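Have a look at the structure below before the remarks.
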Amino acid sequence: MIEKLASSLQKHLNGFCPDTLIILGSGLGGLAGEIENPAIVNYADMPELPATNVSGHKGRFIAGIIGRHKILCMQGRFHLYEGHNPQIIKNLLAAFKLIGIKQLIATNAAGSLRTDFEPGTLMLIEDHINFSGKNPLLGMDDEKYGPRFPAMNNAYDAALRKSFEQTAQKAGIELKKGVYLMALGPNFETPAEIRAFRILGGDAVGMSTVPEVIAAVYAGIKVLGISVITNFGAGLCSTPPSHEETLASANVAGKNLTALVKKFLEEN
Ligand code: HPA
């Protein structure tokens, strides 16, 4: 399946060899507009991929150039709350590695677990807590694409984080740092869960990213992860979170994220 996915991707990319994968979170599509000479491949045109249909997620690859890099951008991801087999994410990331991807920039919209991370905050992900109960690496493995028991010590690559912090500093854009906790969703959390997640060590909560990061580490792809805080977690403010608020807030704060990622890819 991994080889099949890789050759299908290569065929659709017509000889273009991307080095950087960008995964766009909900409402964070602005970065796609920065890609020069974009070529689009709809997920629906690749029978190897499952269908995805969350509002705010387009479901397509955009290939092209940003700064010094050949980019493959995923506009729309395979959320586990859609009921996908998590293994599709391992297969995808292993296929990306086969076609030459070396680094992943994973973005997401997330809820805040702390009152000092307000909506609009950009958070560099330093580490994660997999609270989803799922794992993309489940299943038989012949260790052809990665280790059976990958270490997660440097899942969010320290050198990439340092470079990204320098980019933010130079750009004068505030960047907080923290731990991303993944809940499976699709419901937003209860106030009790938000309190518990904070005690567990999380700074932001969301329903994505962790499976992709685990699969990327497995496949040997370096990861940079950034959350856009779109709302306070349930119980931290008087209004309940909603998907509409997430999309609206991500659109605004996403502008800073777009500027930063673009600058980062121009400088590094
Ligand atoms: N919880 C979970 N996922 C989210 C949230 C949230 O509050 N906001 C954006 N994605």
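Residue-wise test of (1) of a type outside the set (D, E); (2) away from the ligand (no atom under 14 Å from the Cβ).
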residue	(1), (2)
L104	yes, yes
P119	yes, no
E126	no, yes
F131	yes, no
Y145	yes, yes
F149	yes, yes
L160	yes, yes
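Given the conditions (1) surrounded by fewer than 19 Cβ atoms within 10 Å (Cβ to Cβ); (2) in contact with a helix residue (DSSP H, G or I) (Cβ under 9 Å, 6 or more places away or on another chain); (3) modelled with pLDDT of 95 or more, which single one is not true for A159?
(2)
Any chance you could count how many residues in the stretch 194-204 are at negative phi, more than 9 Å from the ligand (Cβ to nearest atom) and touching a strand residue (DSSP E or B) at 6+ places or on another chain (Cβ under 8 Å)?
Residues that pass the stated criteria total 4.
Would you point out the residue of the stretch 167-207, among those that are of a type in the set (K, R) and in a helix (DSSP H, G or I), that is nearest to the chain's Cα centre (by Cα)?
R198
Hey, any hits in the stretch 209-230 for a residue that's open to solvent by 10 Å² or more (accessible area, probe 1.4 Å), touching an Asp or Glu at 6+ places or on another chain (Cβ under 7 Å), of a type outside the set (A, V, I, L, M, F, W, C) and part of a strand (DSSP E or B)?
Yes, there is a match, as at least one residue in the stretch 209-230 is open to solvent by 10 Å² or more (accessible area, probe 1.4 Å), touching an Asp or Glu at 6+ places or on another chain (Cβ under 7 Å), of a type outside the set (A, V, I, L, M, F, W, C) and part of a strand (DSSP E or B).
Listed here are the residues, each with its yes/no results for (1) closer than 26 Å to N85 by Cα; (2) at pLDDT below 95; (3) crowded, with 19+ Cβ neighbours inside 10 Å.
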site	(1), (2), (3)
M152	yes, no, no
F164	no, no, yes
K170	no, no, no
P191	no, no, no
A196	no, no, no
D203	no, no, yes
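When the stretch 68-79 is examined, which residues are found to be modelled with pLDDT under 95 and not charged (D, E, K, R)?
Q75, G76, F78, H79
Do we have any residue at all in the stretch 245-265 that's surrounded by 18 or more Cβ atoms within 10 Å (Cβ to Cβ), under 26 Å from L72 (Cβ atoms), of a type in the set (F, W, Y) and more than 16 Å from the chain's Cα centre (by Cα)?
Yes: the stretch 245-265 contains one or more residues that are surrounded by 18 or more Cβ atoms within 10 Å (Cβ to Cβ), under 26 Å from L72 (Cβ atoms), of a type in the set (F, W, Y) and more than 16 Å from the chain's Cα centre (by Cα).
Please list, ordered by first then second residue, the pairs with beta carbon atoms under 7 Å, 6 or more apart or interchain, first in the stretch 161-185 and on the phi > 0 side of the Ramachandran plot, second acidic (D, E) and part of a helix (DSSP H, G or I).
none
Just name the residue that is surrounded by the most Cβ atoms within 10 Å (Cβ to Cβ) out of those in the stretch 115-150 that are free of Cβ contacts under 8 Å to residues at least 12 places away in the same chain and among the hydrophobic types (A, V, I, L, M, F, W, C).
Step by step, filter the stretch 115-150, then rank; the result is F149.
Just to be sure I understand, how many residues within the stretch 58-98 are surrounded by fewer than 18 Cβ atoms within 10 Å (Cβ to Cβ) and of a type in the set (A, V, I, L, M, F, W, C)?
Going through the stretch 58-98 one residue at a time, the tally reaches 2.
The values are calculated or read from the model by the stated rules, or taken from the named source; none is laboratory data. All figures in this text were calculated on a predicted structure; none of them were measured in a lab. Quick reminder, even Gly has a Cβ in these numbers, built from the backbone with ideal geometry, and neighbours come from all protein chains shown. Calculation scope for accessible area: heavy atoms of the full protein, side chains included, ligands and nucleic acids excluded. Shrake-Rupley method; radii C 1.70, N 1.55, O 1.52, S 1.80 Å.
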